[in-house]
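Worksheet: the structure to be examined is printed underneath.
The values are calculated or read from the model by the stated rules, or taken from the named source; none is laboratory data. Small disclaimer: the values here were computed from a predicted structure and weren't measured. We place every Cβ from the backbone using ideal geometry, glycine too, and count neighbours over all the protein chains shown.
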Amino acid sequence: MDGGTVWNINIIDAVEQCLNQGYKEEDVILDMYICGFSNVTYENATQNGLHNWMRKRDMNSYYNGVNSIIENMQVYPNVQYREYVQQIGGTSGLEEMNFSNETTWPLQVDGRATA
C-alpha cells in the first residue's frame, strides 16, 4: 500500500502482489492501520429521522468494516498479520464537516496519544 487507500483496505490484492513476486504466503507480513472511527451506539430509536439514519449508518459501517477485514484475512490464513491498529476516538455524522479547532484539536491529541 502506498497510503492512498481511502475506502476499505484490500488485503487480498496486497497479499497477491507479494505472491506474484515469488514470496510464499507464510513470508508475507501485513500490518493494518485503520484511520477511521465507527461509533456503535445502542441507544433506542428516536422520533428524529436524521438521528435514526445516522445511527443505522454508524452501525452498518462498524460491522461491515470489521467483517470485511476478517473475511479477507481468512482467504490467506498463513500470512503473518502482525499489527492491527484502529482509531478509537473520532467524529461521526455532521461533526466530520466541522473543521474548527474545537473539533480538530482533540483528534490531534488523541492521535498523538495513540501513536
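Only a single criterion out of (1) among the hydrophobic types (A, V, I, L, M, F, W, C); (2) loosely packed, with under 12 Cβ neighbours inside 10 Å; (3) at pLDDT 60 or above is not satisfied by Met32, namely (2).
Is it the case that Asn10 is modelled with pLDDT of 80 or more and either among the polar types (S, T, N, Q) or touching a helix residue (DSSP H, G or I) at 6+ places or on another chain (Cβ under 6 Å) (or both)? The answer is no for Asn10. From the list Phe99, Phe37, the one residue that fits, being modelled with pLDDT under 70 and either of a type in the set (Ser, Thr, Tyr) or not in a helix (DSSP H, G or I) (or both), is Phe37. With respect to (1) in a helix (DSSP H, G or I); (2) over 30 Å from Cys18 (Cα atoms); (3) modelled with pLDDT under 80, the lone exception for Val109 is condition (3).
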